[in-house]
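Undergrad: My structure is below; once you've seen it, I'll send some questions.
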Amino acid sequence: MQILRTKPIEQSLADSHEPGRRLKRSLSTWDLMIMGIAVAVGAGIFSVGAKAAASFAGPAVTVSFGIAAVACALAIMCYAEFATAIPVAGSAYVFTYATMGELLAWIIGWNLILELFTAGAVVAKYWGLYLSKVFALAGLDVPASIQLGPVELVWGPFLIVAIFTVLLVLGTKLSARVANVFTIIKIAVVLFVIVVGFLYVKAQNYAPFVPDAVPSHASGGTAVLKQSLFAFSTGAAPAQYGLFGVFAGAALVFFAFIGFDVVATSAEEVKDPQKTLPRGIFAGLGAVTLLYILVSLALTGMVPYTTLAAADQPTLTTAFEAVGNTGAAKVIAFGSLVGLTTVIMVLLMGLARVVLAMSRDGLLPRALSVTSDKRSTPARLQILCGVLVALVAGLTQVDLLEEMINIGTLSAFVVVSLGIIVLRRRRPDLKPSFRVPFGKVLPIVSAILCLYLMTNLAVETWIYFVGWLAVGLVIYFSYGQRHSRLNKRFSEAREAVSSSAVPASAEGVASRDS
């Protein structure tokens, strides 16, 4: 079947050198490490952790971060092996195309677009809100939105997306340098949070470490939709906290680790990818995990989790305001703004690279994969991505779809983890510089853990996800399959064989007749 055909690795490597559609290798190990920290130390550390502690895990949110980090580390090992074997743009989409066929590759690519587009819009939305908070703390009355006829426009997301879209068009290396500066600033803010936060820690706030499960505050159909798929499928009553709450918290804070699959999309722009990719990715993951765990310990030790739960939108600022340190709250508001800034940049870059890979293969319009002759960046595609992200962030309530980011990422992690096993069986001749240890064990554990975390997302999220997949399948069968370059190559090869067979057959008939 055409939809099960895999794209040869050699063809993916050759396509990455296609004139007018190739990227420039300019990123170092340091750039990749900073890129991972830049995209991970942002919304996850400043807001999602507090939300997970308040609504799901209590003080055990530290364990939730640990579970999410382990799941991410296992999956990222698989990404690193793939990326050193196939160092081209596209990440999980390209890896799946080489191992499991075109249809599943399309689904994963479509899910990556969901992850990166939604994450970019959500984070840009948060950036606009934090900008308003910074203005308010500075005593400035600057409205967060402006009224354009019947439409209310939040202008902050437009500003930040426009700035980084321009930087990305000018060059990936330039963008990385700007990100380095912002990332160093926000790491300093995070260290400030940890040091000052531990001054207010009280041991009694950690008890109970895992709060007893309690009935959910929601009722009726809303309670069912907000319940995790695992709890719903096992017949459990809608509830918060308890052991299930720890895993639900892990599924939520997984949002904090989405940056590392985005880093893998930059494989085609990395110098010496066989060595640089694994080092950069794992160094960034280690640094981020340590920061997350320390921040979550400080957060839940400063105030009871019930104080966080009482807030409408719990953040790190909530905890510092509760202990009366408004000065620290101002620093955190500024740090949140800086932190989210670089997240937006990396997400916009990752989104453009995934779409570029899919369009280069013909599954999306080929015109999207054209790169600039001067700077070797996908300028028109980057601008298109920026415009769409800014419009959604500035004009919609996209923050309601936060969990869609996680389910898109986790689905890609499951497939990539299983794909490593397929790759080793089909191409034993490949010798990537990094291999996941312990044979098949860790890839299988990674797939199971990521799949389990997916089931801990809300029923509502799964309904949206199924709808997204349905739209994607319609697009694939109506456009992608017919325009696929892989299928065209097979068709041309089949026609060439047929045309060469007809004359030979005719010649044989003629000789017999004579």
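The values are calculated or read from the model by the stated rules, or taken from the named source; none is laboratory data. Computed from a prediction, not measured in an experiment: that's the story for all the values here. FYI the Cβ positions are ideal-geometry reconstructions off the backbone, even for glycines, and counts take in every protein chain you see. Note: areas computed on protein heavy atoms with side chains; ligands, DNA, RNA excluded. Shrake-Rupley method; radii C 1.70, N 1.55, O 1.52, S 1.80 Å.
Undergrad: Does Gly394 qualify as being of a type outside the set (Lys, Arg) and at pLDDT 85 or above?
TA: No: the conditions fail for Gly394.
Undergrad: Identify all residues within the stretch 212-243 that are among the hydroxyl-bearing types (Ser, Thr, Tyr), modelled with pLDDT of 80 or more and open to solvent by less than 50 Å² (accessible area, probe 1.4 Å); write none if there are none.
TA: Result: Tyr241, single match.
Undergrad: Those residues that are open to solvent by 10 Å² or more (accessible area, probe 1.4 Å), touching a residue at least 12 places away in the same chain (Cβ under 8 Å), not in a helix (DSSP H, G or I) and not aromatic (Phe, Trp, Tyr), I need them from the stretch 404-436; list them, please.
TA: Answer for the stretch 404-436, where residues must be open to solvent by 10 Å² or more (accessible area, probe 1.4 Å), touching a residue at least 12 places away in the same chain (Cβ under 8 Å), not in a helix (DSSP H, G or I) and not aromatic (Phe, Trp, Tyr): Arg427, Leu430, Pro432, Ser433, Arg435.
Undergrad: I would also like to ask the following. Within the stretch 191-211, track down each residue that is at pLDDT below 90 and of a type in the set (Phe, Trp, Tyr).
TA: Phe192
Undergrad: Does Leu401 meet the test of being under 15 Å from the mean Cα position of the chain (by Cα) and open to solvent by 30 Å² or more (accessible area, probe 1.4 Å)?
TA: yes
Undergrad: Still on this structure, I have one more. Within the stretch 484-498, work out how many residues are open to solvent by less than 60 Å² (accessible area, probe 1.4 Å) and hydroxyl-bearing (Ser, Thr, Tyr).
TA: Number satisfying all stated conditions: 2.
Undergrad: Would you pick out the residues in the stretch 346-363 that are buried (at least 24 other Cβ atoms within 10 Å of the Cβ) and either more than 19 Å from the chain's Cα centre (by Cα) or farther than 23 Å from Trp110 by Cβ (or both)?
TA: Arg360, Asp361, Leu363
Undergrad: Working only within the stretch 297-345, note down all residues that are open to solvent by 10 Å² or more (accessible area, probe 1.4 Å) and aromatic (Phe, Trp, Tyr).
TA: Tyr305, Phe334 - these are the residues of the stretch 297-345 that are open to solvent by 10 Å² or more (accessible area, probe 1.4 Å) and aromatic (Phe, Trp, Tyr).
Undergrad: Still on this structure, please answer the following. Quick check: anything in the stretch 460-475 of a type in the set (S, T, N, Q), assigned to a helix (DSSP H, G or I) and free of Cβ contacts under 8 Å to residues at least 24 places away in the same chain?
TA: no
Undergrad: If we keep just the residues of the stretch 244-278 that are more than 27 Å from Trp462 (Cβ to Cβ) and touching a strand residue (DSSP E or B) at 6+ places or on another chain (Cβ under 8 Å), which is most open to solvent (accessible area, probe 1.4 Å)?
TA: Among those that are more than 27 Å from Trp462 (Cβ to Cβ) and touching a strand residue (DSSP E or B) at 6+ places or on another chain (Cβ under 8 Å), it is Lys271.
Undergrad: May I pose another question? Taking Gly386 as the residue in question, decide whether it is surrounded by 17 or more Cβ atoms within 10 Å (Cβ to Cβ) and not hydroxyl-bearing (Ser, Thr, Tyr).
TA: In short, yes.
Undergrad: Still on this structure: Pairs please, first residue from the stretch 154-172 and in contact (Cβ under 8 Å) with a residue 24 or more places away in the chain, second anywhere and of a type in the set (Asp, Glu) and surrounded by 20 or more Cβ atoms within 10 Å (Cβ to Cβ), Cβ atoms under 7 Å, 6+ apart in sequence or on different chains.
TA: That search, which allows pairs on different chains as well, returns Thr172/Glu269.
Undergrad: Condition check: within 16 Å of the chain's Cα centre (by Cα) and closer than 25 Å to Lys440 by Cα. Does Leu116 satisfy that?
TA: no
Undergrad: Yes or no: the stretch 440-453 includes at least one residue that is more than 30 Å from Ile405 (Cβ to Cβ), open to solvent by 80 Å² or more (accessible area, probe 1.4 Å) and either modelled with pLDDT under 85 or not in a helix (DSSP H, G or I) (or both).
TA: No - not one qualifying residue is present in the stretch 440-453.
Undergrad: Out of the residues in the stretch 6-31 that are part of a helix (DSSP H, G or I) and among the acidic types (Asp, Glu), state the one that is nearest to Glu81 (Cα to Cα).
TA: Glu10
Undergrad: Quickly run through the stretch 279-296 and pick out the residues that are open to solvent by less than 50 Å² (accessible area, probe 1.4 Å) and in contact with a Ser or Thr (Cβ under 6 Å, 6 or more places away or on another chain).
TA: Across the stretch 279-296, the qualifying residues are Gly280, Ser296.
Matching residues to (1) open to solvent by 70 Å² or more (accessible area, probe 1.4 Å); (2) in contact with an Asp or Glu (Cβ under 7 Å, 6 or more places away or on another chain); (3) part of a helix (DSSP H, G or I); (4) among the basic types (Lys, Arg):
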| position | (1), (2), (3), (4) |
| --- | --- |
| Lys133 | yes, no, yes, yes |
| Ala136 | no, no, yes, no |
| Gln147 | yes, no, no, no |
| Phe164 | no, no, yes, no |
| Ala176 | no, yes, yes, no |
| Val181 | yes, no, yes, no |
| Ile184 | yes, no, yes, no |
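Undergrad: Could you please find all residues in the stretch 464-483 being open to solvent by 70 Å² or more (accessible area, probe 1.4 Å) and either farther than 17 Å from Leu4 by Cα or of a type in the set (Val, Ile, Thr) (or both)?
TA: Matches in the stretch 464-483: Tyr464, Val466, Val471, Val474.
Undergrad: Just checking, how many residues over the stretch 119-157 are more than 21 Å from the chain's Cα centre (by Cα) and closer than 19 Å to Thr342 by Cα?
TA: Count: 8.
Undergrad: Considering only the stretch 228-345, give the helices (runs of 4 or more DSSP H) lying wholly within it that have at least 1 residues that are among the β-branched types (Val, Ile, Thr).
TA: Per the criteria, 242-253, 259-264, 273-302, 305-310, 316-322.
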